[in-house]
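Presented below is the structure to which this report refers.
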Amino acid sequence: MKRLLAYALFLILLTACSAPVTQVVSLPTETPAPLPATPTPVSGPTRISSAATSSATPVQAGEGDVFNQTRITIPAPNCDSGPTPADQEGPYFKAGSPERLTLIEAGMQGERLVLVGYVLDQNCQPIPNTMLDFWQANASGEYDNNGYTLRGHQFTDEQGRYYLETILPGLYASRPIEHIHVKVQPPGGESFTTQLYFPEQPIPNQTITLEAREGYYVGYFNFVMGKP
């Protein structure tokens with residue numbers, strides 16, 4: 001009898017030890033935080049490294065309406081200031097400049113300037129087909145006297161408007177004021193020479209109105225011809 005009881009107890013213990021054990025694992029209930037977004041780089045260069053970056057819509061003479069291409073609007077003509085004064089030609093004029101609307105070339109350094117406006121007669125009426133011949137120093141205040149860098153001429157359109165892409169001229173020691181030279185030749189009229197200046201050093205009736213845009217400047221100036 002004792003042997004039977006002992007055998008039964010042995011079977012009970014053996015069954016208990018072989019029973020499967022279930023382990024409960026708790027899963028996380030929180031959603032992992034997302035990775036931070038990669039910031040988008042913002043660039044707004046104001047320096048020119050090459051012609052490819054100088055203008056989103058580079059233009060040349062005769063390529064349609066440049067003002068529609070660039071979406072630049074010129075204010076209505078105003079001649080209240082009177083005729084544009086003549087100014088000295090200086091020693092660096094060079095005849096025979098190429099016809100073009102942009103003076104910017106590959107590798108040129110400087111701050112981009114788009115210069116626009118009208119050529120107007122003494123009655124404040126636009127003069128189509130007027131020749132404007134521009135020349136200026138580079139960003140370091142140096143003129144190209146061997147070639148035609150930063151030199152070029154163009155003609156006003158049927159509305160008497162002109163458009164020039166260039167850079168802000170630099171200063172040079174013998175004349176510490178920034179300026180752009182221009183000869184104006186109306187059709188059938190006499191040519192006259194003047195210079196354009198900037199708001200930091202203004203000259204009456206010869207100062208460009210300057211407007212800062214993203215990455216460049218727009219300058220406005222109307223040439224008003226005197227009485228013939």
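From the residues in segment 169-226 that are in a loop (DSSP other than H, G, I, E, B) and polar (S, T, N, Q), which one is nearest to residue 138 (Cα to Cα)?
Looking at the filtered set, the residue picked out is 174.
Filter segment 192-228 down to the residues that are surrounded by 11 or more Cβ atoms within 10 Å (Cβ to Cβ) and small (Gly, Ala, Ser) and list them by number.
If the condition is that a residue be surrounded by 11 or more Cβ atoms within 10 Å (Cβ to Cβ) and small (Gly, Ala, Ser), then 215, 219, 226 are the ones that fit.
So which of 163, 148 ends up being assigned to a strand (DSSP E or B) and modelled with pLDDT of 95 or more?
Matching residue, one of 163, 148: 163.
So residue 139 passes all but one of these: (1) of a type in the set (A, V, I, L, M); (2) surrounded by 16 or more Cβ atoms within 10 Å (Cβ to Cβ); (3) touching a residue at least 40 places away in the same chain (Cβ under 8 Å). Which condition number does it fail?
Result: residue 139 fails condition (3) only.
Return a yes/no flag: does segment 100-107 have any residue that is modelled with pLDDT of 95 or more, in a strand (DSSP E or B) and of a type in the set (Val, Ile, Thr).
Yes, segment 100-107 contains at least one residue that is modelled with pLDDT of 95 or more, in a strand (DSSP E or B) and of a type in the set (Val, Ile, Thr).
If I ask for residues that are touching a helix residue (DSSP H, G or I) at 6+ places or on another chain (Cβ under 9 Å) and surrounded by 13 or more Cβ atoms within 10 Å (Cβ to Cβ), which ones from segment 71-107 would you list?
Those that are touching a helix residue (DSSP H, G or I) at 6+ places or on another chain (Cβ under 9 Å) and surrounded by 13 or more Cβ atoms within 10 Å (Cβ to Cβ): 72, 74, 101, 102, 104, 105.
The values are calculated or read from the model by the stated rules, or taken from the named source; none is laboratory data. Only a predicted model underlies this, so the values are computations on that prediction, with no experimental measurement involved. Reconstructed Cβ throughout: ideal geometry from the backbone, glycine too, with neighbour counts over all protein chains shown.
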